[in-house]
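> Handing you a structure now.
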Amino acid sequence: MTDNDSVDVVDRTRMPADVDAPDKVAYGLTWRQLAILAVAGMLFYGAWNGLRPVVPAQVIVFAGVVFGGVVFGLVVGRRDGLPMDVWLLHAVRHSRSPKGLSSAGESAVGVPEWVQRPKGRIPLPAPLRLPADAIGDDGEITVGGDRAAIVAATNINLTLRTASEQAALIEGFGRWLNSLSAPTQVLVSAQPVDLASHARAVADAARTLPHPALEAACADHAVFLADLAEHRDPLRRQVLVITRTAPGEQGSHVARRRADDSVRALSGLGVTARALDGAAATAALVAAADPYRPPRPGGLAAPDAVITLTANSRKP
């Protein structure tokens, strides 16, 4: 038997998909769920002792059954991937939080002295507090006292690789994860693809082709893209790696250097990666905040930029 006839044996270990899932303590319940049940039991016991002299026992038992059903649904129920109690807590916070926010700071909360205060209660905008303070030209993001940088990367289809190649890729990815000494986030999102504008560009380019057969094929492809954009919702997968400075780490451009190190490590796995500069990082943050909004032509203006109206843009 030669070396080419040997079969690579790859050891596989099953890992849970949710590595952050809390541990089950008893009866498939976590400490949080058991604490909720214990508090509900104590409340029912106190209500039983307090109301039994004045309320018939059948009424208390019926109310206890209804209360127990609600508590049980609260304990074991889930909504949008969250436990029901956590989801309800977020819902209460969202209902009580202001819906109008302003980037003018604390001055936008009050009413100016020269404005007559309207009668009745009118909700005023609350100050908008963003986690990022500034974005440098090199793409470094100031987050409070820390710095962060963004790396855009492509993905790899492991199903098209052999078992040995899959093991090598996973091992290389594990080495990159083990080399991280600062908080790092991997964000995978799906964003819409603007095929309509691409179809128009292809249709315009078809008129410049030298041969009629090439022009017909290009026009047919433009029609296919336009039909696909009209009847389907094409999406593309975006992978962003956000690197941050370690707690207590000082120095300029540290997050950017960590981003460059991640680019070199991921490039060894066959991933096309690049560290985003200031304009690309701003566009990535805007797309993450509103992924279904079409991109604006020309990019976004800087906060301190002066916007002027040119003579060509004036309406007749």
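What follows draws every value from the coordinates through simple rules; no lab data is involved. The structure presented is a predicted model; accordingly, all values stated were derived computationally and were not measured. Counting neighbours? That spans all protein chains shown, and the Cβs are built from the backbone with ideal geometry, glycine included.
> Pulled fully out, how much extra length does the chain show between residue 76 and residue 32, if you take 0.36 nm times their separation in residues and subtract their Cα-Cα distance?
14.8 nm
> If you don't mind, there's one more thing I want to ask. Relative contact order (percent) for segment 148-225, with alpha-carbon contacts under 8 angstrom and 6 or more residues of separation?
Computed over segment 148-225, the figure is 21 percent.
> For segment 31-96, what relative contact order do you get, as a whole percent, if you take Cα pairs closer than 8 Å and at least 6 residues apart?
It rounds to 28 percent for segment 31-96.
> Moving on to the next point. What FRET efficiency, computed as 1/(1 + (r/R0)^6) with R0 = 25 Å and r the Cβ-Cβ distance, is obtained for residue 203 and residue 232, rounded to the nearest 0.05?
That gives a FRET efficiency of 0.85.
> A further question follows. With +1 on each Lys and Arg Cβ and -1 on each Asp and Glu Cβ, how big is the dipole of segment 31-96 about its Cα centre, in debye rounded to the nearest 20?
Roughly 140 debye for segment 31-96.
> If you don't mind, another one. Ranked by Cβ crowding within 10 angstrom, fewest neighbours first, how are 27, 45 ordered?
Least crowded to most crowded, the residues run 27, 45.
> Roughly how far apart, in whole Å, are the Cα centres of segment 65-95 and segment 183-248?
A separation of 41 Å, based on Cα centres.
> Under the rule a/c < 1.5 gives rounded, and otherwise a/b versus b/c splits prolate from oblate, where does segment 31-96 land using the Cα gyration tensor? Walk me through the numbers on the way to the answer.
Numbers: a/c = 2.59, a/b = 2.26, b/c = 1.15.
Because a/c hits 1.5 or more and a/b exceeds b/c, segment 31-96 counts as prolate.
> Separate question: Please find the FRET efficiency linking residue 51 to residue 173, where r is the Cβ-Cβ separation and R0 is fixed at 45 Å, and quote it to the nearest 0.05.
It comes to 0.15.
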